[in-house]
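Structure first, commentary second.
The numbers here are math on the coordinates, done by the rules we state, and not lab data. Quick caveat, the model's predicted, so the values are computed rather than measured. Every residue, glycine as well, gets a Cβ built from its backbone with ideal geometry; the counts of neighbours run over all protein chains shown.
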Ligand code: C6P
């Protein structure tokens, strides 16, 4: 792998980015926020694992079982190092970010919240970091407080400080918005949460793929992310948790591997991380996630972040020049590689559909952030998002496409 950062070389490593959507129409992929494309390095690791080392983990002592277990556990160590977790036992495999947050709500949450206790969430959360807490609140009788988003797309931190004075048990916040791109000041929010005795649960689905993550530096209690948004496969994600919390939490799902001993009427739970990994896990996918982390490390997360900063600034400049376009969210230096926008007089679904005819993939809809869209009196936006493989040429094609949309709609 070439260490020098060159998106034109990088994109050649992604088979999907080399395809045509239809004859003579190459793919312009601007939907990484939904899911990223996968490099050959990761695809080969999946193929190699399933071709030669496929077996169940932690159960057999034959060669393939040992190879599969080693590959599964080595991937955990790579992921642990990727986020600077103090111990790899603090890295729990889940299906995705959504399952990781549901795990926390249903174990730590159920153990620690009582009727009348408060939880703080924000107006820019993805449904994954809203609904599990709403479900818990409904069943326990907790109170939900919301940190609003201002017109620029930033959290109102004065309100956050005020809400902390009500002594919430937990703060649930996204590191980066999947709509506005807003990068939230997690370290200072964590410091404030801790000063008030609250635990902070961070949705890292949109930050972990794009920037260096150090969970110790961020001082977060829980951090959730998904492999499929960071060059890895679907069906695998991670919950990082503080050791003292994870070790005292009850298990999430019951079954094989999460136990040490089972009798007919009782069981003893296994040690971390297995306590939270009931049943046969997504082994090949975990191996693929490990490969994705190796791939990203080789390129360098700082390089990826710098490139995306450059690309998003360029995209915002160009989008702003298109008459009728409104971009939501803060200035380029306060956001990651996401631009949600509307085009006057054209429904975002039409924008997306017309762009697709030219091979340009953007997402349209509420992006699983309905309350945030309501905040801006919107039902939907079109959203272009960027990653290590996007170039200025992709943005130029998007802009060309938008002029075509405008022409079609008069
Ligand atoms: N956002 C998007 O198009 P899962 O689906 O569990 O891997 O990730 C959920 C999730 C949680 N938090 C944030 C901030 C997210 O952006 C997402 C996924 C995708 O915006 C699919 S809805």
Exercise for review: Could you tell me what percent of the DSSP beta bridges with both partners in the chain are antiparallel, to the nearest 5?
Suggested key: 60 percent
Check your understanding: Sorted from fewest to most neighbouring beta carbons within 10 Å, what does the list 43, 163, 103 look like?
Key -> 43, 163, 103
Check your understanding: Which value, in Å to one decimal place, does the Kirkwood hydrodynamic radius take for the range 1-86 when every pair of different Cα atoms is included?
Key -> 15.8 Å
Study note, to complete from the structure: Dividing the mean separation of Cα pairs under 8 Å (6+ apart) by the residue count of the chain yields a relative contact order in percent of 22 percent
Review point. Can you give the convex hull volume of the alpha carbon atoms of the range 52-197 per residue, in Å³?
Key: 143 Å³
Study note, to complete from the structure: The Kirkwood hydrodynamic radius of the range 44-298, taken as the inverse of the mean 1/r over all distinct Cα pairs, in Å, comes to 18.8 Å
Review point. What base-10 log of the normalised intensity I(q)/I(0) is obtained for the range 313-410 from the Debye formula, alpha carbons as equal point scatterers, at q = 0.12, 0.15 Å⁻¹?
Key: -0.35, -0.55
Point to revise | Proxy reagent accessibility, fewest Cβ within 10 Å first, across 158, 211 | key: 158, 211
Exercise for review: Take the range 41-102, drop everything but the C-alpha atoms, weight them equally and run the Debye formula without solvent; then report log10 I(q)/I(0) at 0.19, 0.26, 0.30 Å⁻¹ to two decimals.
Suggested key: -0.86, -1.11, -1.13
Study note, to complete from the structure: For the range 145-234 (alpha-carbon point model, no solvent) the Debye-based log₁₀ I(q)/I(0) at q = 0.22 Å⁻¹ works out to -1.11
